[in-house]
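Here is the structure we will look at, set down as structure tokens.
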Amino acid sequence: MKSLPTKASEQGRPVTAADFYEAGRAALSLTLIAGGKNLDRVIEEPIANRPGLALAGFYEHFAWKRLQLLGTAEMAYLDSLPADVRRARFQALIDRRAFCFVFANGQRPSPVEVAFAETANAVLMATPMATRHFVHNSAFVFERLSAPTASIYGTMVEVCGLGVLFEGDPGLGKSETALGLVKRGHALVADDLTCVRREIGNSLIYGSASDSTAGYMEIRGIGIMHVPSLFGVQAVRGEKRLDLVITFKRLEDVESQIDRIGQTRRVRTILGVEVPNIIIPVSEGRDLVNLVETAALQQKLLQSGGDPVGDLSERLRLRAEHEALKPDTVKRKEKR
């Protein structure tokens, strides 16, 4: 499987204040108050922290690497302090290397705090969102921003509810197979180039198309086509969990390696996660659409605990034992 070089790694990528602001402008209703020139600074621990104890002057275990969230309770406490003490407490957070602040629930920093933030290279943002809602929603924004990602040469389709990625050399029919599946009622995720990300915490891989190519396919002899316009919006998916990787290979290249029984369980490792993988030989006359659809159904059976190979082996074993106990078999053994 060929991957394009990216800045991502299995450990994820750094999240800057600019990343968070751009992602949160709509999702979190963020507005920028101060520090527009400092948005390239990295939020080392992408999670929100409420600095209640630090505002009270207790700095041991202060999580300065995180985004600092000041809601109604924090601002009410600051409002209760004399102006010089309030200024000192806010300055102390920045002196201890905190730099990115969000004022939630419609709260706003004082002009003095805004001026100090500008001179101290800090970033101030505000949101009308309730503090508890911001904590919840910002976690999803941070997770998506910091998740390990990569771009892979391959076509991804939702088949029978499973996310299936096709890989293989050019000209083996990946896009044509995807087109045939779409016409059967399945849905396109990405054609030719699939963007994958690993969800932090549960080791799942999700695939999607790039923003510029979402919904488009290229078919040799036809050209570029827009799938939703031809087959309807139900024929595309924005993102899908990756459940199976199918490798297309020329029959002559793998004829001696084909597992006719299907007992061998192959995997592809993507961003540190093992994904089930099967090889489908490609030759003239083979119905790849039907084979891929059947492979997806087989994978669903395996995921639900089914084991066709094991079931058949057990059936043959029981039959052999039964044959061995038949009277005719016993008599033949005695004559010998």
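A few points about this structure:
- For region 194-202, the criterion of being in a loop (DSSP other than H, G, I, E, B), in contact with a strand residue (DSSP E or B) (Cβ under 7 Å, 6 or more places away or on another chain) and in contact (Cβ under 8 Å) with a residue 40 or more places away in the chain is met by none of the residues.
- Taken together, Val254, Val282, Val227 contain a single residue that is open to solvent by less than 30 Å² (accessible area, probe 1.4 Å), at pLDDT below 90 and more than 22 Å from the chain's Cα centre (by Cα), which is Val254.
- Residue within region 302-310 that is open to solvent by 90 Å² or more (accessible area, probe 1.4 Å), in contact with a strand residue (DSSP E or B) (Cβ under 9 Å, 6 or more places away or on another chain) and not in a loop (DSSP other than H, G, I, E, B) present: yes
- Of the residues Ala8, Ala63, Ala17, the single one that is more than 21 Å from Arg132 (Cβ to Cβ) and modelled with pLDDT of 95 or more is Ala17.
- Yes/no for Leu55 being hydrophobic (A, V, I, L, M, F, W, C), over 34 Å from the mean Cα position of the chain (by Cα), open to solvent by 20 Å² or more (accessible area, probe 1.4 Å) and farther than 28 Å from Arg144 by Cβ: no
- Residue that is most open to solvent (accessible area, probe 1.4 Å) [pool: residues in region 63-98 that are under 28 Å from Pro14 (Cα atoms) and in contact with a Lys or Arg (Cβ under 6 Å, 6 or more places away or on another chain)]: Trp64
- Any hit, region 214-222, residues being open to solvent by 20 Å² or more (accessible area, probe 1.4 Å), in a strand (DSSP E or B) and either at negative phi or small (Gly, Ala, Ser) (or both): yes
The values are calculated or read from the model by the stated rules, or taken from the named source; none is laboratory data. Since this is a predicted model, take the numbers as computed values, not measurements. Every residue, glycine as well, gets a Cβ built from its backbone with ideal geometry; the counts of neighbours run over all protein chains shown. Heads up: the accessible areas ignore ligands, DNA and RNA and are worked out on the full protein's heavy atoms, side chains in. Shrake-Rupley method; radii C 1.70, N 1.55, O 1.52, S 1.80 Å.
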